[in-house]
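Please read the structure below before turning to the comments.
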């Protein structure tokens, strides 16, 4: 999804949104402890709505990105609680989105590819945190 | 009787018949403890703007205009209200988790900023729902500040 946004590809982002929404719905929480379930449900309830909006708004990339911003916050919290699944990840920050308020995103590459501004400013942003195993 | 007259008569008959199919009104008459107005202490002008421009479709209490008594208007309204409440219900706002409340506040903000809400057909009939630039700025600033303060405390 993030990579679709870096390319300004609204329909690819929508497809990714639908896939992610299904993944949240189908996730089996039984493998988690009670405490983990609580945290997961809190985050997933919110995140799947953002994924749904991204999935349903192919053609309106500005609206999709608004939800991607909020979804990224959820993903960062998920990673903080449940780890990175064995892959080094990067928490990147775009200072320009939201009229200078800025926004975070999670990336699997160290190289900056901005999903909020896309092709207009592909290399805008900085790595704020390297999430190692 | 000419064909034209027959068709006209049929239309009148159908129109009269559908007047008896009235959907249930969305009017609980009570303000829940989870209502937006109880969860947040918004300035009076913020709360009243939300109530005038949003609550008809996004709460348990709709102010029905006179033409809602003519069908099929009430059918269209009932559909808008049920769709609106599914996405956002100010009456039950407090029953959302804090995380969701923050998201909803930001979504409301974005919808207002992008002029996606209120919808045009609603604004056409409701003068008070046509938000001025000042009203939009007022709402956006308050929504942003509230979302930020919730984010910090969590």
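The values are calculated or read from the model by the stated rules, or taken from the named source; none is laboratory data. Predicted, not measured: the structure shown is a model, and the values here were computed from it. Note that we place each Cβ from the backbone using ideal geometry, even for glycine, and neighbour counts take in every protein chain shown.
At-a-glance table
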read-out: Residue selected from the range A:68-91 under the condition more than 20 Å from residue A:112 (Cα to Cα) and touching a residue at least 24 places away in the same chain (Cβ under 8 Å), by the criterion farthest from the other protein chains (Cβ to nearest Cβ); value: A:86
read-out: Complete set of residues in the range A:54-67 that are crowded, with 22+ Cβ neighbours inside 10 Å and facing another protein chain (nearest Cβ under 9 Å); value: A:66, A:67
read-out: Condition met for residue B:96 (at pLDDT below 90 and within 12 Å of chain A (Cβ to nearest Cβ)); value: yes
read-out: Selection within the range A:5-36 - in contact (Cβ under 8 Å) with a residue 24 or more places away in the chain and not in a helix (DSSP H, G or I); value: A:7, A:8
read-out: Any pair with Cβ under 8 angstrom, 6 or more apart, that starts in the range B:1-13 at a residue that is free of Cβ contacts under 8 Å to residues at least 60 places away in the same chain and ends at one that is loosely packed, with under 10 Cβ neighbours inside 10 Å; value: B:9/B:1
read-out: Odd one out for residue B:109, checked against (1) surrounded by fewer than 18 Cβ atoms within 10 Å (Cβ to Cβ); (2) farther than 20 Å from residue B:32 by Cα; (3) in contact with a helix residue (DSSP H, G or I) (Cβ under 6 Å, 6 or more places away or on another chain); value: (1)
read-out: Residues of the range B:103-154 satisfying the condition of being closer than 20 Å to residue A:52 by Cβ, free of Cβ contacts under 8 Å to residues at least 12 places away in the same chain and assigned to a helix (DSSP H, G or I); value: B:103, B:110, B:111
read-out: Single match in B:127, B:87, B:38, B:104 (criterion: under 18 Å from residue B:139 (Cα atoms) and within 14 Å of chain A (Cβ to nearest Cβ)); value: B:104
read-out: Breaking point among (1) within 22 Å of residue B:142 (Cβ to Cβ); (2) at pLDDT 90 or above, for residue B:32; value: (2)
read-out: Some residue of the range A:109-128 being without any contact (Cβ under 8 Å) to a residue 12 or more places away in the chain and farther than 17 Å from residue A:2 by Cα; value: no
